[in-house]
1. For the chain, with a Gaussian network of springs between Cα atoms less than 10 Å apart, report the residue from Ile20, Ile34, Ile158 with the top mean-square fluctuation.
2. Go ahead and run the numbers for FRET between Lys111 and Ile20, Cβ-Cβ distance against an R0 of 22 Å, rounding to 0.05.
3. Once the Cβ-Cβ distance between Thr155 and His32 is put in as r, and R0 is 30 Å, what FRET efficiency do you end up with, to the nearest 0.05?
4. Can you tell me the Rg and Dmax of the chain, counting just the alpha carbons, in angstroms?
5. Tell me, what ³J(HN,Hα) does each residue in segment 78-87 have, in order and in whole Hz, if you take phi through Karplus 6.51 cos²θ - 1.76 cosθ + 1.60 with θ = phi - 60° and put x for Gly and Pro?
6. Hey, quick one: spin label on Arg178, modelled 7 Å out along Cα-Cβ, who in segment 147-172 has an amide N within reach, i.e. under 12 Å?
7. What number, rounded to the nearest 500 deg cm²/dmol, is the helix-based mean residue ellipticity at 222 nm of the chain, given -39500 (n - 2.57) per DSSP H run of at least four residues and division by all its residues?
8. Kindly state, to the nearest 0.05, the FRET efficiency for Asp87 paired with Asn129, given R0 = 22 Å and r defined as their beta-carbon distance.
Amino acid sequence: MENRKGFTLIETLIVVVIIILLSVVAVPSFKHLIASDRLQEVAWQTVQDLRTVKEDAILYQQDLRVYFCHDPPKDRNFYLFEMFQKDPLHSTHYNPGDVPDGKHFIKRELKYNLTFDSHGPFTEFGYVNGKEYYYLTFYCGKDSHFRGQPSGFDTITIKENISGMEFYIVVDSAGRIRMSGTHP
């Protein structure tokens, strides 16, 4: 019997076919994992922004707002939020027509071409530059509102348009903000 070194062509082809079959099975799962991770990242950022606005409302004793662009649907890829009122002495809020300064009024673009959907009981702000906005106010504790109470409660849906996957951010009537991979 001869002493062979190396692999035969048949053995090499079998290994290549096995690798191809494994990659065909693994690639769709990997794409799903990436889409899920992206959704989670954007949902966590939104949850953190909402929590920050709520905490700042309590800390600075100012009612603060988060604006969501609702219409047209192609523009549901950003939101605006206050970290401090425009004129606290007169309780004047920033509005979507104001230019975000990155410090007191911030515009957050959703990454990865994700979009969101939010709807009723958020308060309708109206149209600014051809875009319809709704807003959510977190109260500082004045008048009949408790500290951190939202003006409304709703579920914000973050959508990945290619795969159709969704993540949900829930703002409840007590002001708790959480996220979920399943519809609440």
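Read-outs throughout are calculated quantities, based only on the coordinates presented, and are distinct from any laboratory measurement. Here the structure is a predicted model, which is why all the values come from computation and not from measurement. So basically every Cβ, Gly included, is an ideal-geometry build from the backbone, and we count neighbours across all protein chains shown.
1. With Cα springs under 10 Å in the chain, the top fluctuation among Ile20, Ile34, Ile158 is at Ile20.
2. On the way: r = 33 Å, r/R0 = 1.48.
Between Lys111 and Ile20 the formula returns 0.10.
3. Numbers: r = 23 Å, r/R0 = 0.76.
Computed FRET efficiency for Thr155 and His32: 0.85.
4. 24.0, 97
5. So the Karplus estimates, Gly and Pro as x, are 7, 9, 10, 8, 8, 10, 6, 5, 5, 9 Hz.
6. Hits in segment 147-172 for Arg178 at 12 Å: 169-172.
7. Values: 1 runs with 52 residues, N = 184.
So the helix-based figure for the chain works out to -10500 deg cm²/dmol.
8. Working: r = 22 Å, r/R0 = 0.99.
For Asp87 and Asn129, the calculated efficiency is 0.50.
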